[in-house]
2 protein chains.
Amino acid sequence: MADKPLIFVTNDDGYFAKGINELVGVLSKFAKVIVMAPDQSRSGYSCAFTAKEPLQIKKLSEQNDVTVYSTTGTPTDCAKLAFFKLFSKEKPDLVISGINHGSNASVNAIYSGTVGAAIEGCVNQVPSIAFSLCEMDKDADFSYSLPWVEKIVRYVLANSLPLGVFLNVNFPSGELKGCKACRQADAYWCQEFDVIKDEDGNEAYALTGTFVNREPGVEGTDLWALDNGYASIVPILSNRTDMTYLNVLNDKLV
Amino acid sequence: MADKPLIFVTNDDGYFAKGINELVGVLSKFAKVIVMAPDQSRSGYSCAFTAKEPLQIKKLSEQNDVTVYSTTGTPTDCAKLAFFKLFSKEKPDLVISGINHGSNASVNAIYSGTVGAAIEGCVNQVPSIAFSLCEMDKDADFSYSLPWVEKIVRYVLANSLPLGVFLNVNFPSGELKGCKACRQADAYWCQEFDVIKDEDGNEAYALTGTFVNREPGVEGTDLWALDNGYASIVPILSNRTDMTYLNVLNDKLV
């Protein structure tokens with residue numbers, strides 16, 4: 001690591017979102033920061049990449065220790081482009097994605113472009129963190145989260161993370177009591193569409209939905225932590241093999 | 001389960017792809033099959049959903065025990081729409097995604113829309129399987145895989161799967177020696193873009209890349225099985241918390 005750590009930052013809300021700019025504000029106090037983020041909102045893009053058309057990169061600004069690029073791609077594309085174009089010789093010390101506007105706790109981590117970019121960092125063997133605030137508003141108040149962002153980032157810079165593990169951190173809206181290391185709660189979305197009529201009178205289906213926690217009140221889950229005023233830190237594996245059931249299959253099926 | 005099991009089928013290559021039609025051909029011998037698949041190729045869409053515009057559904061055919069719909073959405077959208085519209089009262093007995101044209105072994109599972117749809121089935125607590133053939137060609141030969149598809153599907157119908165676990169099955173191109181239950185190999189993609197000039201002379205970045213297996217020759221991995229002429233079956237967890245590192249974090253960070 002050079003004098004100052006080198007941190008790559010991206011998100012799924014776009015380079016212009018408040019959350020990513022608040023994040024960069026914290027990190028630039030002690031790190032060299034390179035941002036490459038989507039030029040439009042790319043929420044819900046998971047680990048999707050763009051195969052159909054070439055991507056474009058635009059350099060937006062460079063001042064002091066912060067350089068900002070936008071791309072026409074997804075969060076995963078942003079991370080892939082950054083590793084290809086900016087970090088082909090020297091990897092960053094960290095990949096940080098966020099701060100997302102809206103929860104990426106529990107099952108939301110599956111769909112999240114913010115988390116998707118952190119997975120891409122992890123696959124590239126760089127310690128990676130996804131940060132999200134459980135507040136969708138574009139003017140959401142990140143002030144309570146920022147000291148914890150700094151604490152968690154400094155911890156990971158000092159201690160690294162095991163290969164193949166990244167952190168998915170969610171902050172409750174408003175003041176927080178502290179921070180809990182958690183497992184992902186079991187939850188799902190139901191009643192997911194509003195049925196509407198399109199211009200031709202045909203039915204169309206607009207995504208909405210109700211979030212259902214299958215483990216309400218269960219301490220140790222990320223949703224419990226958030227419901228009780230704590231930030232949740234979930235260490236997530238990029239390799240998701242179930243080793244227990246693998247042995248069952250070997251006995252019974254193969 | 002009714003007399004015949006009810007199987008929901010989707011994919012990411014589109015309803016018209018050879019792989020999904022070969023799959024339906026096998027399943028319809030012993031099951032009632034409902035297909036809801038994208039109306040265009042949606043490879044590389046991971047668990048992405050469509051939040052920006054309403055989705056449309058088109059009923060394409062209904063004969064004997066096979067009904068086929070297309071949607072304007074991603075594979076995850078297809079599964080979500082099917083649970084909302086077709087299976088709101090009675091869940092299917094299985095969700096099957098594929099057979100994909102191209103490998104979804106190892107790290108490819110992260111990006112795959114085929115796998116994304118199986119994750120959605122798993123989150124909805126229906127036993128789910130993603131099938132892929134390591135052969136991109138649109139006229140790929142699925143004939144060697146089909147007896148194994150039937151065997152695996154019948155196994156899962158008879159034995160179910162643990163909640164929160166789905167199967168990611170990949171077939172080698174050509175003849176196969178058998179089938180191995182495996183863990184996901186550690187791999188990544190590098191040198192991921194061709195730099196080209198767009199119409200205005202600006203640089204643009206077209207996805208390509210070299211696949212790197214970090215564990216070449218390691219028996220027990222899915223890439224080893226495929227390289228040695230076996231189909232790989234990887235049981236994958238939808239909840240990816242690393243319980244070991246969780247305890248480290250609780251001791252050191254929180």
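Read-outs throughout are calculated quantities, based only on the coordinates presented, and are distinct from any laboratory measurement. What you see is a predicted model, and the numbers here were worked out from it, not measured in a lab. Neighbour counts are summed over all protein chains in view; Cβ atoms, including those assigned to glycine, are modelled from backbone coordinates with ideal geometry.
Here residue A:167 clears all of (1) surrounded by fewer than 18 Cβ atoms within 10 Å (Cβ to Cβ); (2) under 30 Å from residue B:163 (Cα atoms) except the condition numbered (1). Within the range A:35-65, if we keep just the residues that are outside any loop (DSSP other than H, G, I, E, B) and surrounded by 19 or more Cβ atoms within 10 Å (Cβ to Cβ), the residue that is nearest to the other protein chains (Cβ to nearest Cβ) turns out to be A:55.
Those strands (runs of 3 or more DSSP E) of the range B:175-254 in which 3 or more residues are more than 30 Å from residue A:55 (Cβ to Cβ) and touching a Cys at 6+ places or on another chain (Cβ under 8 Å) occupy B:230-237. State whether one or more residues within the range B:213-222 are of a type in the set (A, V, I, L, M, F, W, C) and either within 11 Å of chain A (Cβ to nearest Cβ) or at positive phi (or both). For the range B:213-222, residues of a type in the set (A, V, I, L, M, F, W, C) and either within 11 Å of chain A (Cβ to nearest Cβ) or at positive phi (or both): absent. The set of residues from the range B:196-212 being of a type in the set (Phe, Trp, Tyr) and either within 11 Å of chain A (Cβ to nearest Cβ) or over 30 Å from residue A:72 (Cβ atoms) (or both) comprises just one member, B:205.
Filtered by the rule that a residue be among the aliphatic types (A, V, I, L, M) and out of contact with any helix residue (DSSP H, G or I) (no Cβ under 9 Å at 6 or more places or on another chain), the range B:60-78 gives a lone residue, B:60. Checking each residue in the range B:123-148 for being more than 23 Å from residue B:220 (Cβ to Cβ) and part of a helix (DSSP H, G or I) picks out B:123, B:146, B:147. Residues that are more than 20 Å from residue B:99 (Cβ to Cβ) and small (Gly, Ala, Ser) within the range B:208-245 comprise B:209, B:217, B:220, B:238, listed in sequence order.
Residues of the range B:186-204 that are more than 29 Å from residue A:108 (Cβ to Cβ) and surrounded by 15 or more Cβ atoms within 10 Å (Cβ to Cβ): B:193, B:204. Among the numbered conditions (1) touching a Gly at 6+ places or on another chain (Cβ under 7 Å); (2) surrounded by fewer than 23 Cβ atoms within 10 Å (Cβ to Cβ); (3) aliphatic (A, V, I, L, M), the only one that residue A:156 does not meet is (1). In the range A:108-126, the condition of being more than 13 Å from chain B (Cβ to nearest Cβ), more than 16 Å from residue A:44 (Cβ to Cβ) and crowded, with 24+ Cβ neighbours inside 10 Å is met by no residue. Scanning the range B:66-86 for residues that are outside any helix (DSSP H, G or I), of a type outside the set (Ser, Thr, Tyr) and either touching a Pro at 6+ places or on another chain (Cβ under 6 Å) or over 21 Å from residue B:27 (Cα atoms) (or both) turns up just one, B:73.
Residue B:27 - would you say it is in contact with a Phe, Trp or Tyr (Cβ under 7 Å, 6 or more places away or on another chain) and either at the interface with chain A (Cβ under 9 Å from one of its Cβ atoms) or touching a residue at least 12 places away in the same chain (Cβ under 8 Å) (or both)? It is false that residue B:27 is in contact with a Phe, Trp or Tyr (Cβ under 7 Å, 6 or more places away or on another chain) and either at the interface with chain A (Cβ under 9 Å from one of its Cβ atoms) or touching a residue at least 12 places away in the same chain (Cβ under 8 Å) (or both).
Among the residues of the range A:9-34, those identified as outside any helix (DSSP H, G or I), of a type outside the set (Gly, Ala, Ser) and touching a Ser or Thr at 6+ places or on another chain (Cβ under 9 Å) are A:9, A:10, A:11, A:12, A:13, A:15, A:16, A:32, A:33, A:34.
Would you confirm whether or not the range A:48-65 contains a residue that is in contact (Cβ under 8 Å) with a residue 24 or more places away in the chain and within 27 Å of residue A:223 (Cβ to Cβ)? Checking the range A:48-65: at least one residue is in contact (Cβ under 8 Å) with a residue 24 or more places away in the chain and within 27 Å of residue A:223 (Cβ to Cβ). Note down all Cβ pairs under 6 Å where the first residue falls in the range A:107-136 and is free of Cβ contacts under 8 Å to residues at least 40 places away in the same chain, the second is among the aromatic types (Phe, Trp, Tyr), and they're at least six residues apart or on different chains. As it stands, the answer is A:128/A:166, since those pairs meet every condition given. On the stretch given as the range A:73-106, residues that are more than 14 Å from every other protein chain (Cβ to nearest Cβ) and hydrophobic (A, V, I, L, M, F, W, C) total 3.
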